[in-house]
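What follows is one structure encoded as structure tokens, with my remarks underneath.
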Amino acid sequence: MTIRHHITDQLLMGYSAGQLPEAFNLVIAAHLSFCDECRARLGAFDAIGGALMGECDSVAMMESSLTATLDRLTQPAPAPRLRRKACKVLPAPLVDYVGGDLASVKWRSIGMGVRQAILPTDAGATARLLYIPAGQKVADHSHRGMELTLVLQGAFSDETDRFGPGDLEIANDDLHHQPVAEEGPDCICLAATEAPLRFNGLLPRLAQPFLRI
Ligand code: ZN
Ligand code: ZN
């Protein structure tokens, strides 16, 4: 897999510091599972974060802290969470959310052959899997806030570039685009958005509240 579009320093820092909404964390974790280069950069940010914590002044603790900690030691340890293995298309972080491989995804049609499956994350942003048949266009739109799109299978192109497996497109308020899936395998992406998209066409606008896109 040759990856050409990576996570920005700003997003990696936010991920390292645990400041991003869950949907964005999921997209970044999925890209990291493909990308040695970004994993190495994340290691550097984690080290800086650790060093900064070491520099911080100590803070006085509540008197009850010691008792509360000792109490927790006597409680049984939580059962280890079973981590599922990656499947052919879905990386491991995503398999946990879907509850299995690609066959477990509950797709819902959003028109023109495009399907989506919204994943359960906290309310800070929305994560969805998108299935775009080869050669199909997605309705042209712009964005409110940030949109992250990670290609899992196939490829798409838009006004900015071509995005293949493992590539991450970062779109902001200022980008208006119309992604088109390439010929070949159907395109499957993981996308996270901060807020609903802005569609140009009337039909997508009418359908928006029902599709939560
Ligand atoms: Zn990368
Ligand atoms: Zn977009």
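Just give me the residues in segment 132-148 being among the polar types (S, T, N, Q) and more than 12 Å from ligand 2 (Cβ to nearest atom), in sequence order.
Step one: of segment 132-148, the residues among the polar types (S, T, N, Q) are 136, 142.
Once the filter is applied, which keeps residues that are among the polar types (S, T, N, Q) and more than 12 Å from ligand 2 (Cβ to nearest atom), segment 132-148 yields only GLN136.
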Item to complete: Scan segment 10-21 and give yes if some residue there is under 11 Å from the mean Cα position of the chain (by Cα) and within 16 Å of ligand 2 (Cβ to nearest atom), otherwise no.
Response: no
Practice prompt. Being modelled with pLDDT of 95 or more and either crowded, with 21+ Cβ neighbours inside 10 Å or within 16 Å of ligand 1 (Cβ to nearest atom) (or both) is the filter here, so list the residues in segment 135-148 that pass it.
Written response: GLU147, LEU148
Item to complete: Please name all residue pairs, on different chains or six or more residues apart, with Cβ atoms under 7 Å, provided the first residue is in segment 28-44 and is open to solvent by less than 20 Å² (accessible area, probe 1.4 Å) and at pLDDT 95 or above and the second residue is within 16 Å of ligand 2 (Cβ to nearest atom) and not in a helix (DSSP H, G or I).
Response: ALA30/LEU150; ALA30/LEU190; HIS31/LEU150; HIS31/LEU168
Discussion item. Criterion first (under 18 Å from the mean Cα position of the chain (by Cα), on the phi > 0 side of the Ramachandran plot and not hydrophobic (A, V, I, L, M, F, W, C)) does GLY166 satisfy it?
Written reply: yes
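Within segment 193-202, which residues are within 27 Å of SER33 (Cβ to Cβ), in a loop (DSSP other than H, G, I, E, B) and either hydroxyl-bearing (Ser, Thr, Tyr) or open to solvent by less than 50 Å² (accessible area, probe 1.4 Å) (or both)?
The first filter runs over segment 193-202 and keeps only residues within 27 Å of SER33 (Cβ to Cβ), leaving 193-195, 197.
If we keep only those that are in a loop (DSSP other than H, G, I, E, B) as well, we get 194-195, 197.
If the condition is that a residue be within 27 Å of SER33 (Cβ to Cβ), in a loop (DSSP other than H, G, I, E, B) and either hydroxyl-bearing (Ser, Thr, Tyr) or open to solvent by less than 50 Å² (accessible area, probe 1.4 Å) (or both), then ALA195, LEU197 are the ones that fit.
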Worksheet item: So MET112 fits all but one of (1) over 17 Å from GLN178 (Cβ atoms); (2) away from ligand 1 (no atom under 16 Å from the Cβ); (3) open to solvent by 40 Å² or more (accessible area, probe 1.4 Å); what number is the exception?
Response: (1)
Worksheet item: What pairs can you find where one residue is in segment 156-167 and of a type in the set (S, T, N, Q), the other is away from ligand 1 (no atom under 16 Å from the Cβ), and their Cβ atoms are less than 6 Å apart, with a gap of 6+ or different chains?
Response: SER157/VAL180
Response to the item:
Log entry, pairs with first residue in segment 168-182 being touching a residue at least 60 places away in the same chain (Cβ under 8 Å), second being more than 16 Å from ligand 1 (Cβ to nearest atom) and of a type in the set (Val, Ile, Thr), beta carbons closer than 9 Å, six or more apart or on different chains, reads GLU169/THR160
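Residue-wise test of (1) assigned to a strand (DSSP E or B); (2) small (Gly, Ala, Ser); (3) surrounded by fewer than 18 Cβ atoms within 10 Å (Cβ to Cβ).
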position: ALA123; (1), (2), (3): no, yes, yes
position: ALA191; (1), (2), (3): yes, yes, no
position: PRO204; (1), (2), (3): no, no, no
position: GLN208; (1), (2), (3): no, no, yes
Worksheet item: Can you tell me which residue in segment 149-182 is farthest from ligand 2 (Cβ to nearest atom), limited to those that are over 21 Å from ALA86 (Cα atoms) and open to solvent by less than 20 Å² (accessible area, probe 1.4 Å)?
Response: ALA181
Worksheet item: If you check ALA29 against the conditions, is it within 14 Å of ligand 1 (Cβ to nearest atom) and within 24 Å of GLY164 (Cβ to Cβ)?
Response: yes
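The values are calculated or read from the model by the stated rules, or taken from the named source; none is laboratory data. On a predicted model such as this, the values are computed, not experimentally measured, just so you know. Every residue, glycine as well, gets a Cβ built from its backbone with ideal geometry; the counts of neighbours run over all protein chains shown. Just the protein is used for accessible areas: all its heavy atoms, side chains included, with ligands, DNA and RNA removed. Shrake-Rupley method; radii C 1.70, N 1.55, O 1.52, S 1.80 Å.
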